[in-house]
Amino acid sequence: MPRVAIIGPGAIGGVLATHLMQTGRHDVVLCARRPIEVLTAETADGPLSVRPRVVIRPDAAPTVDWVLVTTKSYDAAGAAAWFGPLCGPATVVAVLQNGVEHRERFRAFVPADRLLPVVVDLSAERIEPSLIRQRSRGLLTVADDRHGRDFTGLFADTTIATCLTDDFKSAAWRKLCVNAAGVVSALLLRPACVVRDEQVAQLARAIVRETIAVGRAEGAILPDSLVDDVIAREQAAPPNAINSLHADRAAGRPMEVDARNGVIVRLGRKHGIATPCNAMAVTLLTAM
Ligand SMILES: NC(=O)C1=CN([C@@H]2O[C@H](COP(=O)(O)OP(=O)(O)OC[C@H]3O[C@@H](n4cnc5c(N)ncnc54)[C@H](OP(=O)(O)O)[C@@H]3O)[C@@H](O)[C@H]2O)C=CC1
Ligand SMILES: CC(C)(CO)C(=O)C(=O)O
């Protein structure tokens, strides 16, 4: 039975924990900052409730086969504080976060050959610490290598889909295009479908175009059609679709501005590519 630790059972970690635990095929432990008695994910198929094993101090954590990091991107050191007890010589650390810098963030804490970046396409929101609303089915994309293939096996018998890719970089940049555009929702505190307004859509398109330009300079393969695809996806979103940046700003929590838009400005500068729309969004959200 694979031993799996989930560091940060918030929206994404909480959803994954409930789905993994209900298979009965995994020995799951949650690494959290406070106890959780019952964890519930509201899914399209109804509520999924589990009684998780929770540890709230790294020195109480067991050694596991898999560590799934589902904390926010800005606190890699906080997540890494758990690695000492959790990681044995063969433990694989999967980083399930937005952005394109999974490896850079954790390189100081985990050997490169035991780190698995994951692109998360799953919309979820924490309603309370122990109640998560899962808004979409969920798709996890990983590189088609040994760790990636083993990782997909963890989610067999769940409704969380997995995908193996031989071009992880492009997959991560495609997702970054979605997240970068989502900054307009966070700025306006309006759901994804705010881009039904054509003026707002034009701004979101400009943000995605900048992201594509920088992503291509970084080696990602990104079609021009991505601009309209991203906006169409947001326009079709239900009125309650709140992205995690928006949710963080609304709740007064720190935001992943750097991982989602700051990175485009930073890497744009490296390649001599102007990114004025992303830069303005970063300046405004940082000032808030
Ligand atoms: N939500 C979504 O729809 C999506 C999110 N993502 C990405 O997934 C990642 C996680 O996001 P999300 O689940 O929304 O974030 P949440 O804020 O909902 O969850 C993060 C969790 O990490 C916990 N945490 C923070 N620091 C520590 C620590 N040192 N030790 C243990 N637990 C800790 C937080 O606890 P506390 O309650 O104490 O703060 C919280 O439970 C982000 O990179 C996000 O961009 C990707 C796709 C969709
Ligand atoms: C695109 C979206 C909304 C869900 O996949 C997301 O990544 C987020 O909320 O951070």
Checklist outcome for this item: Filtering the range 164-188 down to residues that are open to solvent by 50 Å² or more (accessible area, probe 1.4 Å), away from ligand 1 (no atom under 14 Å from the Cβ) and either under 26 Å from N240 (Cβ atoms) or without any contact (Cβ under 8 Å) to a residue 12 or more places away in the chain (or both) yields L188
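Kindly provide the set of residues from the range 262-283 that are assigned to a helix (DSSP H, G or I) and open to solvent by 20 Å² or more (accessible area, probe 1.4 Å), ordered by number.
We begin by selecting, within the range 262-283, every residue assigned to a helix (DSSP H, G or I); these are 262-271, 276-283.
Hits for the range 262-283 are V265, R266, L267, R269, K270, H271, P276, C277, A279, M280, V282, T283.
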Checklist entry - What are the residues in the range 224-238 that are within 16 Å of ligand 1 (Cβ to nearest atom) and either touching a strand residue (DSSP E or B) at 6+ places or on another chain (Cβ under 8 Å) or more than 22 Å from Q97 (Cα to Cα) (or both), if any? => result P238
Checklist entry - Given the conditions (1) touching a residue at least 24 places away in the same chain (Cβ under 8 Å); (2) open to solvent by less than 40 Å² (accessible area, probe 1.4 Å); (3) touching a Ser or Thr at 6+ places or on another chain (Cβ under 7 Å), and given that L116 satisfies all but one, which numbered condition is not satisfied? => result (3)
Item to check | Subset of the range 117-135 [closer than 21 Å to P52 by Cβ and of a type outside the set (D, E, K, R)] | outcome: V118, V120, L122, A124, I127, P129, S130, L131, I132, Q134
Checklist outcome for this item: Residue set T43, T71; condition crowded, with 18+ Cβ neighbours inside 10 Å, hydroxyl-bearing (S, T, Y) and within 14 Å of G13 (Cβ to Cβ); output residue T71
Checklist outcome for this item: Of (1) assigned to a helix (DSSP H, G or I); (2) among the hydrophobic types (A, V, I, L, M, F, W, C); (3) surrounded by 18 or more Cβ atoms within 10 Å (Cβ to Cβ), V142 satisfies every one except (1)
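Would you point out which residue out of D150, D121, D157 is at pLDDT 95 or above and either more than 16 Å from ligand 2 (Cβ to nearest atom) or surrounded by 23 or more Cβ atoms within 10 Å (Cβ to Cβ) (or both)? Break it down into steps so the answer makes sense when it comes.
Numbers: D121 fails: either more than 16 Å from ligand 2 (Cβ to nearest atom) or surrounded by 23 or more Cβ atoms within 10 Å (Cβ to Cβ) (or both); D157 fails: at pLDDT 95 or above.
Exactly one residue qualifies, and that residue is D150.
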Checklist entry - Going through the range 74-105 one residue at a time, which ones are surrounded by fewer than 22 Cβ atoms within 10 Å (Cβ to Cβ), touching a Leu at 6+ places or on another chain (Cβ under 7 Å) and farther than 25 Å from A181 by Cα? => result V92
Checklist entry - Residue check: is I6 within 19 Å of G153 (Cβ to Cβ) and either open to solvent by less than 10 Å² (accessible area, probe 1.4 Å) or outside any helix (DSSP H, G or I) (or both)? => result yes
Next on the checklist: Can you list the strands (runs of 3 or more DSSP E) lying wholly within the range 56-139 that have 1 or more residues being within 9 Å of ligand 1 (Cβ to nearest atom) and under 22 Å from D258 (Cα atoms)?
Outcome noted: 64-69, 87-96, 115-121, 124-128
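The values are calculated or read from the model by the stated rules, or taken from the named source; none is laboratory data. Just so it is clear, the model here is predicted, and its values are computed rather than measured. We place every Cβ from the backbone using ideal geometry, glycine too, and count neighbours over all the protein chains shown. The accessibility values were calculated without ligands, DNA or RNA, using every heavy atom of the protein model including side chains. Shrake-Rupley method; radii C 1.70, N 1.55, O 1.52, S 1.80 Å.
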